[in-house]
Each structure stands twice: as structure tokens, then as C-alpha cells.
Amino acid sequence: MIQIVPDTSIIIDGEVSKLVQNEYKGAEVLIPEAVPSEIENHANKRKESGYKGLEELKELRRLSQEGIISISFVGRRPKLEEISLAGGGEIDAMIRDIARKHDAILFTSDRLQKEIAEAQGVRTYFHEKIPEYKATEKTILEKYFTGDISSVHLKENTTPIAKSGAPGHVELIELDYIPLRYNDLEKISEELLEQTRIRHDCFIEINKKGATVIQFGDLRVTIAKPPFSEGYEITAIKPVKKLDLIDYNVSDKLLKRLSNDAKGILIAGSPGAGKSTFAQALAEYYYYDMEKLVKTMESPRDLNLDDNITQYAPLEGNMENTADILLLVRPDFTIFDEVRKTKDFEIYSDMRLAGVGMIGVVHATRAIDAVQRFLGRLELGIIPSVIDTTIYIEDGEIKTVYSIELVVKVPTGMLEADLARPVIEIKDFETNQLFYEIYTYGEQTIVMDINKASQNNNEDPEEKSPVSKIVERVIRHEVNKVAPNAVMEVSLISEKRALLEIDPDHTGAVIGKNGRTIAKIEERAGISIDVEELEIKDIDHKIPINVNVSGNYLSLNFKKEDIGSSYDIIVEDEYLFTATVGKKANIRLKKDIEMAEIVIKAMKKDEPVYARLRDEDYY
């Protein structure tokens, strides 16, 4: 009687049951215990290979019951660590040992397993997989892409839908009225995975539990399954059209900057705005028109570029390794698509500071947001060395271009010469109009919208300017370091002087010995400060109170003589709630309740919080 030992690969492929019915009737199938253990491990991880293997084992049991073959399970069940090392060959080695011990034929569809078994003198039957689909045939997924469809969205128990049209003119259309089932999506998924084995332009970019990303020709395909998603879903995105830089109506001034001066470029826009299409046009402009060496860093690689431009993925799963290789290759320009995580921003910056021209693709809803994403990730003074031009794309067109430059000046809205500091100026590139200033004030990084500040001042002369609000906020912050429970009012007397009114209990602490403390506060705030005792006026019986946040609680602080008294709490002239002052001379609220959130919002806007002693006779 012929004895057969199948390994996991051929069981998953479902070929053993076919072979024993056609060529090996009456054979004894010896199934190593390692095989069902490995299949069970796959099934527990919700991998389709696990379920396929289980179906094949059940089919072999049925054939045994019909007398076509006999089966038995041999060997020992592998330990958990041995199963986890299956990729290193531990399970395969156990299966080869069983075949050698029983002088049986090893059935496998794993070429490496076959080669090693033959080298060890084990008789082997190798089943070579014949692709079910020809590379020249269109897959089911590809057939959905007709006309100007840019993306296809398939999900189990729903009808297939697609986005059609160019950026700015996209509509959602239904492709069929019949809902797709799990098996339909599984068939599409298997077809795509099979094609990655036989087509050189198809490869798996990301393969994680519940999620697979495939670059399929010019399609980027994302497959999502439980537990990652609640249902089976396949999304495919295709570039609608390929444009040249001339198609964007680029001005001569911008073209000159891109050709000669721009070395740190950000291409920003919302998803689907046409960022990648513009990046492709810019890459090919640099390569063909400017004769520059251009490479890309992508995850996944989905830019539709000429073959002369090499596209790199994360090396060993890490884009930092890719950057190391690129520094050896020394391209003139590198496109980084997409810059999202903190590590991506650091890699972009390192390569730019190393002298490589960088073009970063960034998600942003406004042009300024792209620059702001670098704040906190880089020192402020380095940012203009990393980014010099920001191009914002909207509806497939260039909407805004900003130039970025570092100067030393007094920020707009301040007058004192000694307030001069490094300021990043962000200007409209075409008109040279100043739109934003970024600088540090105290311990804060300020992004000042110049146009908005001017507009507010023109509309309401009595409205506090953004600069005034910043100065007041910095003074409050510095005073709270010295006197956390102080009740204060801060106002700007002039552009050169501020008035700090503080309750008598904390005046001494804020001024300090020989005025040293207030001098330090003045130095940090960058403005002279007059200190006066706060006269707590009884306007409608309400007084300002100190509020602070500690852990998960908001604390409204009173004096010891207020313990046991009931107070109405008033925010922005609106009654909020009534509470009794506790034994620790405060009223505490959990941060996550609505009343506390209203108080916290008022604090962020520097709005004072008032308390009014509750007169029960009045109410």
C-alpha cells in the first residue's frame, strides 16, 4: 500500500483529495499532527488559508469513510513556539521527518520544501500551481473601471458603487442593483492575489491581520476584513488622467521658482483633490525638462510615473531605511508620498537638510495647515530651511502658492523694538502679500493670521486685537505659575504696557522681593506690567473667581469664609448652575460633564468666571 504524507501547503491548496481519487486510490494518507495544528492556527487568525485547509481535511475524512483511502494522524502535536516559528521551517522539518520515518511520499506544493526533502533523500511529489487566470485577461475588478471611473467601492451585502469624474466634478454612481455577497468578494480577492504571483506589475504592499494593500498595475487596492473592519470590503483607486505641468496654467514666476529656487516643496490638499496627479506632473517636469534625477518614497507605491523614475517602498517596513539608501543614490529630487506621521516629517526634514530636493505630499484642508503640521516636530528656525514653497491643490487645480522665509523683525501688531525676534513670514507667492506670521512668544508658538487680525480691528475698534489677546494670555500663564489660585484681570494699556490687577492675597507673591518676580514675568511676556490690587466690584453681586484644572476635575476656588455658602456660577453673563462651597473652599466638577466643558471653553478664551452669592429670599 502506498503511503502518502501531505504537508500544510498542499492541504490548503485542496489538491490531495483530487490526487487520491485520480491517481492514488487505496493509498494510506498519513497526516502529521503538525498539519491540522498549523491550519487551526491560521483559522484562529481568521485567515482564509485556515478555512480552506479545514475543508480539505474534512473532504479526506469523507473519502476515508467511503473506502477510497485510509487516513491516520501521526507524530506529535507541535508546541506553540514551534507553530510561531513555522515561517522559519520548524513545521516543515517535522513533516519531512515523518515522511522519512515511514518511507512515504511527501506531497507538497511548496518548492523549497520539495528541494530540501529531495536533498535529504525523501521521495517527493511536487504539485506545481497552474494559475487559474491568465495575465492577459481582465480581472473582475478591472472590468468595473469603465469611462472616467476613478475609484470602485465593494462591500458585502451592499451594491457596488464608484466615483466617476475628474477632481472637482466627482459623482457617486451605482454600478449594479444586485448586492454583493461574501463569496463574491472572496473570489475577487483570490483573483487579485493569484495575479500578484504571475504579473510583474502586481505586488502586495501591506499584508496585516484583516488588511491587505495590493498595487495592481495602476490600481491601488485595499482589502479589509474582520476583525479590522466589520464586513468584507474592497476599495480600488485609479488615477483618472495623467497631466503635464503645463496643464496647470503655471505662471512664469512660479515656473522660474520651481526651476531655480524651490528645494523644499509641500504639495497640500484634501483627499481626492489631485495632489498625487500634480506630484506626478512635477516629477516628470524635473526629470525631462530640467534633466534632474528623481526618485520617490511611497507607501503604497501608487504614483503613475514614467519607468525612468524609480519608486521606492519602505525597506524592511521602515521608510528610514529607504532614506538611507536614497542618500547613497543621491537623487536631485525625491517625492515623499505621503508625509503623515511624526517619523515621516523627521525623515523629510533630514533628507532636505542633507541637501536633497524634497517634494512632500501632505493632507491638509488649508495651505497654512501643511506648514503647521511641522510645528512641534521641528525647531521653528529650521522650518524655512526645510520648506520654502507650499502649493495647495483644490479640485485638481493650483489654488494657492505660499513662499516661506525667516526674518528677524517685530511681529505685526507689536511696536516695541526690543520685541524683535525670528519670525517666519508666509506670503502669497504671486502677489508677495503677507498672510501669516509664525513666532514664539513666551512659551507659546503663535500662528498669526495677518488679514484676519486687520479685518477684526477694522470691524470693531474696541475688539481686542489678536496680539493683545496673546499678551494677556501669556501674562496670565506666567502669573499662574507664581500664584496658581490668584484672581486677576489683565488688560493692555498700550502696545508697550499692560495692567495686571490681582487680588490682595497674592499681590506680594507676584511682585516678589525687590520686584524680582514681576521683572521675570515682564521679561518672559516681553512687555512692561503695572501691578495693582484688584478691586472686587459687586456688580449684580458677582465676583470673579479663580478656576483651575487638576486631573479629571475642575476646581472653582473660594475663600475659607465662603465654606458652606451657595453660589450661582456665571459664565459670559449667562447663569450656568448653583452649588455649595465645600470644606476645602472649592466647588469641584468632573471635566467630562457639560457644565465643566462650558467653563473650560471660557478659560481657553480668557473669559472670566464669576460667582454670585445666592440669596434664597431673592429667589
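The values are calculated or read from the model by the stated rules, or taken from the named source; none is laboratory data. Here the structure is a predicted model, which is why all the values come from computation and not from measurement. Positions of Cβ are generated from backbone atoms using ideal geometry, with glycine treated the same way; all protein chains shown enter the neighbour counts. Accessible surface areas use protein heavy atoms only, side chains included; no ligands, DNA or RNA. Shrake-Rupley method; radii C 1.70, N 1.55, O 1.52, S 1.80 Å.
Here are a few things to note about the model shown:
- Selected residue (only one of 384, 422 is under 19 Å from residue 444 (Cβ atoms), out of contact with any Pro (no Cβ under 6 Å at 6 or more places or on another chain), open to solvent by 20 Å² or more (accessible area, probe 1.4 Å) and of a type outside the set (Phe, Trp, Tyr)): 422
- Flag for residue 346 being in contact (Cβ under 8 Å) with a residue 12 or more places away in the chain and either closer than 24 Å to residue 287 by Cα or under 24 Å from the mean Cα position of the chain (by Cα) (or both): yes
- Checklist (1) under 17 Å from residue 267 (Cα atoms); (2) of a type in the set (Val, Ile, Thr); (3) open to solvent by less than 40 Å² (accessible area, probe 1.4 Å) applied to residue 438, failing item: (1)
- Residue within segment 177-194 that is touching a Ser or Thr at 6+ places or on another chain (Cβ under 6 Å), within 23 Å of residue 301 (Cα to Cα) and not hydroxyl-bearing (Ser, Thr, Tyr) present: yes
- The single condition from (1) at pLDDT below 85; (2) surrounded by 13 or more Cβ atoms within 10 Å (Cβ to Cβ); (3) among the small types (Gly, Ala, Ser) that residue 551 fails is (2).
- Any hit, segment 442-456, residues being under 30 Å from residue 584 (Cβ atoms), open to solvent by 50 Å² or more (accessible area, probe 1.4 Å), modelled with pLDDT of 75 or more and assigned to a helix (DSSP H, G or I): no
- Residues satisfying the stated conditions in segment 409-436, i.e. of a type in the set (A, V, I, L, M, F, W, C) and either part of a loop (DSSP other than H, G, I, E, B) or modelled with pLDDT of 90 or more (or both): 410, 414, 415, 420, 423, 424, 426, 429, 434, 435
- Qualifying residue in segment 575-597 (condition: closer than 30 Å to residue 413 by Cα and within 44 Å of the chain's Cα centre (by Cα)): no
- Matching residues in segment 238-288 - criterion: being part of a helix (DSSP H, G or I) and open to solvent by 70 Å² or more (accessible area, probe 1.4 Å): 246, 247, 252, 253, 256, 260, 288
- Residues in segment 150-185 that are buried (at least 17 other Cβ atoms within 10 Å of the Cβ), among the charged types (D, E, K, R) and within 29 Å of the chain's Cα centre (by Cα): 155, 156, 163.
- For residue 223, the conditions (1) under 30 Å from residue 398 (Cβ atoms); (2) open to solvent by less than 40 Å² (accessible area, probe 1.4 Å) are fulfilled apart from (1).
- Test set (1) polar (S, T, N, Q); (2) at pLDDT 85 or above; (3) part of a strand (DSSP E or B); (4) surrounded by fewer than 19 Cβ atoms within 10 Å (Cβ to Cβ) - residue 390 fails condition number: (4)
- The selection criterion, being in contact with a strand residue (DSSP E or B) (Cβ under 9 Å, 6 or more places away or on another chain), open to solvent by less than 80 Å² (accessible area, probe 1.4 Å), assigned to a strand (DSSP E or B) and modelled with pLDDT under 90, holds for residue 215.
- Cβ-Cβ under 7 Å pairs, at least 6 apart or on other chains, segment 236-265 side within 21 Å of residue 150 (Cβ to Cβ), far side open to solvent by 90 Å² or more (accessible area, probe 1.4 Å): 248/397
- Which listed residue, of 99, 117, is in contact (Cβ under 8 Å) with a residue 24 or more places away in the chain and either open to solvent by less than 20 Å² (accessible area, probe 1.4 Å) or in contact with a strand residue (DSSP E or B) (Cβ under 9 Å, 6 or more places away or on another chain) (or both): 99
- Of the strands (runs of 3 or more DSSP E) entirely within segment 306-374, those holding at least 2 residues that are modelled with pLDDT of 90 or more and open to solvent by 10 Å² or more (accessible area, probe 1.4 Å) occupy 310-312.
- Test: residue in segment 78-100 that is in contact with a helix residue (DSSP H, G or I) (Cβ under 6 Å, 6 or more places away or on another chain) and not in a helix (DSSP H, G or I): yes
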